[in-house]
Amino acid sequence: MTNLLTINKLDVQFPTRHGTTYAVQDVNLELQAGEVLGLVGESGAGKSTIGNAIINLLEPPGQVTGGEILFQGRNLRDLSDEQMRDVRGKKIGMIFQDPQTSLNPLITIGAQLVETIIKATDLTGSAAVDKAVDLLKSVGITETETRLNAYPHQFSGGMRQRVVIALALAGDPDLIIADEPTTALDVSIQAQILDLIKSLCRERQLGVIIVTHDIGVIANIADRVAVMYNGAVVETGEVRQILTAPTHEYTQSLIAAVPRGDLKVDRFTSVDYIEGGAQTHRRIDLDSHWLGETVQANPLGEAITIDGLNKTFVLKKALFKKNRVTLQAVDNVSLSIQAGESFGLVGESGSGKSTVARLVAGLHQGDDGHIKIFGQNVARQERSNDVTAARRNLQMIFQDPYSSLNARMRVLDIVAEPIRFYKTADSEKKVRQIVCDILDHVGLGSGAMLKYPHEFSGGQRQRISIARALASRPKILICDEPTSALDVSVQAHILNLLKDLQAELGLTMLFISHDLPVIRQMCDRVAVMRHGAICEIAQTETLFDTPQHAYSQHLLDLMPRMDLFGSAPASLAGPP
Amino acid sequence: MAEPTTQSRWQRFLDNDVTWSFLHTPSAIVAACVTVIAVSAALAAPWIAPYDPFDPSQISLWDGKLPPAWVEGGSSAYLLGTDNQGRDMLSTILYGGRLSIVVGFVAVFLGMLLGVTLGVISGYLGGKVDAIIMRFADVQLTIPGILLAILINGIGRAILPIDMRDDFAIYVVIIAIGLTDWPQFARVARGATMVEAQKEYVQSARVIGLPGWLIMIRHILPNTLRPILVIATIGLALAVIAEATLSFLGQGIPPTTPSLGTLIRVGNEYLFSGLWWITLFPGIALVVLVFAVNLLGDWMRDALNPKLR
């Protein structure tokens, strides 16, 4: 049996003025009809580049410099642009990451589908419309006749991604390339979309290449996996074999770094294969050091108390009340966090978990309710000394390491800012010494002081953010999805660092994440949020073992599992 | 990090993306050269100009209205000819350009200072402050700039006693132009500020507890400078034109002090008597200067815009 797609010795280069980047080197892949091939790797591994190279849509200045791409026996590299366009529409379909941007917001779903169908097939007029209806039905959209006249903004994210899949299917392709198709979606929708792709693949005997950084996705959908590292495929094999008995060192460390959802471990397995060896963090004698001066004074009792907190955002302003569009982001939330505790807030996007964090940090003002930090009410916008003093106990670490540092300041100035502003050190020399110690402490090394943020990787930037937070000598640390923008290997390092710091400095932590396994490893107690309200607050282990609320149960069921092959849940085992 | 940091400052400058883009854009290089030559020639006028147009001993009415040296009747002593008062055209253009450029720079700086301050405050605070400041800017934008400049200029001159008018004319012109072009700066600064204020580094500064003014100066301002720099370049060209227009209309610098605008105006009166050089050469100087600065601003807009790279 011949392969649907064979890639031989593919090389892709990006010549730039700083020298040529070899994005893909000597890659060999095979794909049969009716098979799902997972391409997995961390950012910059070249996995998306392969997908783009197949359909000849590399971003300039990228170019294929060697090898061949055989699709149904034809080498795609020999085709003219005209022929290639034909292949793209009719033979190969693409599904992109963000369903918000891959549909034209000004044209109805029906018109976009019909246009694509007319281009890709011989159908015209009402036959094309019928085909569009069929396609929407096949991707699981009901009431198709009315939905055809709807605009993309009237669809939810998951529905939009279904429409994108329908568009990809318009020309009855033989191959579908899905580039991170579920990364922008919530877990509950992710599972549905993956199931859909898998069943379409089986029904229509499609070849599917799914590009993702998420091993959980691969475990759920792929038949075979190719693991990429630094532009090369390091290992290819059956999904079961790769996940249970990986042979390459990189694959082993990559799988080990995925936080486990099934049981609590002491520390995350750190991946030394990747960030150039482990960065050791130097311990500081807290009894004598500046950083430890406030540790002894850690009060006991409740660090954060939230009582009946509400926050409504006005989405559309209007003179009359009935025309206003508002969103209740936080709905009567009450919780309390003990000093020294790790408290998790978990929920899907839009559940209001970040808004709670921002309210506590004072970035938003609540509508009503109380927020107390060590007993001091800080909810009102009073600028009294007591409120300011209470707020100084609290620091926040943000999600995006690229926008959370001022690109025009040196690391020294970024970290030293709170020390200089509050004059907590006697002299400039002392300030430098403290910054140097803190940077060492978070595993960066004092050599980082005089550099600018752009010289660091995402994980290192997040360490700088942590160092800046520590420089305020906080007692409470709010972490708002601190590792969602990072690769798994780096995530393990950062989470371990946060754990260590918490233990040493006795920090109270409010940890916000959508990632249940991470929450399980990091937190003592967890609150599950949905639509701005808290569904359930429980000890972490209790919640994961015996969730009480139906929604918690639902979330836990959707948690991607690595242990699929030990006891495969019936719902996810595909047909043979 | 991967790259060694042993590079000197100069090497890093050469390695910079903006420098690279500059060296690969011929129009930018030409424009920069022309601008640098024009500005340095104008600033060095007292040393390189063959005559001093302010020194009556060097001016002789006998030499008035001489055509350029290569035209019949021209004298090699006056390369570009002389004007009606017998001043050497080349020298007056150099001195006039100096005045025009100084007025342009200072006026743009004034407008930038005012506009950026108001724009950053407006964008950062939002709400009522924003509404008030931006409505002022909107109202001002509905009035043509040159009319407003004439108005401010007129008021300024009316306030001053008659004997001081000519001495202070230049400052009045600067203030008039500066007050006219602040809304452009305010709008750009406000937009950039609103983008930056959403970013997490600003939020983190707020969590640290820094006061608003410090966040605006230390964090937001440096990150909004790029687009402001671009419109400042284009604003410079506009300010030079505005000064020329005011002077041409007789509202600006007195005719005894040469500026490009007054030279063109004076020349204009003699245009139909065949004395084309009195107005043509200052005109060319003005066009070349404005064109070069505009090209430079255009290139800068592209080079500093990460989306177009």
- Index of the failed condition, A:Ala390 passing every other in (1) within 12 Å of chain B (Cβ to nearest Cβ); (2) in contact with a strand residue (DSSP E or B) (Cβ under 9 Å, 6 or more places away or on another chain); (3) assigned to a loop (DSSP other than H, G, I, E, B): (3)
- Note on the structure: When segment A:448-471 is checked residue by residue, the ones that are surrounded by 22 or more Cβ atoms within 10 Å (Cβ to Cβ) and in a loop (DSSP other than H, G, I, E, B) are A:Ala471
- Note on the structure: Per the filter on segment A:61-106, residues part of a loop (DSSP other than H, G, I, E, B), within 33 Å of the chain's Cα centre (by Cα) and within 23 Å of A:Lys9 (Cβ to Cβ) are A:Pro61, A:Gly62, A:Lys91
- Query: If you go through segment A:408-423 one residue at a time, do you hit one that is closer than 26 Å to A:Gly506 by Cβ, in a loop (DSSP other than H, G, I, E, B) and in contact (Cβ under 8 Å) with a residue 40 or more places away in the chain?
  - Reply: no
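If a residue has to be within 7 Å of chain A (Cβ to nearest Cβ) and surrounded by fewer than 17 Cβ atoms within 10 Å (Cβ to Cβ) to count, how many in segment B:210-231 make the cut?
Step one: list which residues in segment B:210-231 are within 7 Å of chain A (Cβ to nearest Cβ), which gives B:210, B:219, B:222-223.
Of the ones still in play, those that are also surrounded by fewer than 17 Cβ atoms within 10 Å (Cβ to Cβ) are B:222.
Residues that pass the stated criteria total 1.
Does A:Gly34 qualify as being closer than 22 Å to A:Leu196 by Cα and surrounded by fewer than 16 Cβ atoms within 10 Å (Cβ to Cβ)?
Values: closer than 22 Å to A:Leu196 by Cα: yes; surrounded by fewer than 16 Cβ atoms within 10 Å (Cβ to Cβ): yes.
Here the answer is yes, as A:Gly34 does meet what is asked.
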- Item | Filtered residues of segment A:496-520 (kept if under 22 Å from A:Ala469 (Cα atoms) and assigned to a helix (DSSP H, G or I)) | A:Asn496, A:Leu497, A:Leu498, A:Lys499, A:Asp500, A:Leu501, A:Gln502, A:Ala503, A:Glu504, A:Leu505, A:Val518, A:Ile519
- Of everything in segment A:448-480 that's within 11 Å of another protein chain (Cβ to nearest Cβ) and closer than 25 Å to A:Ile255 by Cβ, which residue is modelled with the lowest pLDDT? A:Ser457
- Query: Is it true that some residue in segment A:65-72 is in the same structural domain as A:Ile177 (by TED's automatic domain parsing) and among the aromatic types (Phe, Trp, Tyr)?
  - Reply: no
- Query: Taking segment A:15-43 on its own, how many of its residues are within 14 Å of chain B (Cβ to nearest Cβ) and in contact (Cβ under 8 Å) with a residue 12 or more places away in the chain?
  - Reply: 1
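Quick check on A:Leu113: is it crowded, with 22+ Cβ neighbours inside 10 Å, of a type in the set (A, V, I, L, M, F, W, C) and in the same structural domain as A:Ile141 (by TED's automatic domain parsing)? Spell out the reasoning first.
Values: crowded, with 22+ Cβ neighbours inside 10 Å: yes; of a type in the set (A, V, I, L, M, F, W, C): yes; in the same structural domain as A:Ile141 (by TED's automatic domain parsing): yes.
So A:Leu113 fits the description; yes.
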- Among what's in segment B:271-303 and is without any contact (Cβ under 8 Å) to a residue 60 or more places away in the chain and within 19 Å of B:Ser75 (Cα to Cα), pick the residue that is surrounded by the fewest Cβ atoms within 10 Å (Cβ to Cβ). B:Gly274
- Meets criteria (outside any loop (DSSP other than H, G, I, E, B), modelled with pLDDT under 85 and out of contact with any Leu (no Cβ under 6 Å at 6 or more places or on another chain)) for A:Gly237: no
- Message: Can you tell me which residue is nearest to the other protein chains (Cβ to nearest Cβ) among those in segment A:426-447 that are closer than 27 Å to A:Ser43 by Cα, part of a loop (DSSP other than H, G, I, E, B) and not hydrophobic (A, V, I, L, M, F, W, C)?
- Response: A:Gly445
- Single match in B:Ile121, B:Ile93, B:Ile133, B:Ile150 (criterion: at pLDDT below 90, among the β-branched types (Val, Ile, Thr), crowded, with 18+ Cβ neighbours inside 10 Å and over 30 Å from B:Pro50 (Cα atoms)): B:Ile150
- Item | Condition met for B:Ala41 (in contact with a helix residue (DSSP H, G or I) (Cβ under 7 Å, 6 or more places away or on another chain), buried (at least 18 other Cβ atoms within 10 Å of the Cβ) and away from chain A (no Cβ under 14 Å)) | no
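Would you check if there is a residue in segment A:311-324 being small (Gly, Ala, Ser), under 28 Å from the mean Cα position of the chain (by Cα) and in the same structural domain as A:Ile519 (by TED's automatic domain parsing)?
Within segment A:311-324, the subset small (Gly, Ala, Ser) is A:318.
Among the residues that remain, those that are also under 28 Å from the mean Cα position of the chain (by Cα) are: none.
The answer is no; no qualifying residue exists.
Matching residues to (1) within 14 Å of chain B (Cβ to nearest Cβ); (2) buried (at least 22 other Cβ atoms within 10 Å of the Cβ):
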| position | (1), (2) |
| --- | --- |
| A:Val325 | no, no |
| A:Ala339 | no, no |
| A:Ser403 | yes, no |
| A:Ala416 | yes, yes |
- Query: Has segment B:186-197 got any residue that is surrounded by fewer than 19 Cβ atoms within 10 Å (Cβ to Cβ) and within 12 Å of chain A (Cβ to nearest Cβ)?
  - Reply: yes
- Please work out which one of (1) within 30 Å of A:Gly532 (Cβ to Cβ); (2) within 13 Å of chain B (Cβ to nearest Cβ); (3) part of a loop (DSSP other than H, G, I, E, B) is the condition A:Gly366 fails and give its number. (2)
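The values are calculated or read from the model by the stated rules, or taken from the named source; none is laboratory data. Keep in mind that this is a model prediction, so the values were computed, not measured. Heads up, the Cβs are rebuilt from the backbone with ideal geometry, glycines too, and the neighbour counts pull from every protein chain shown.
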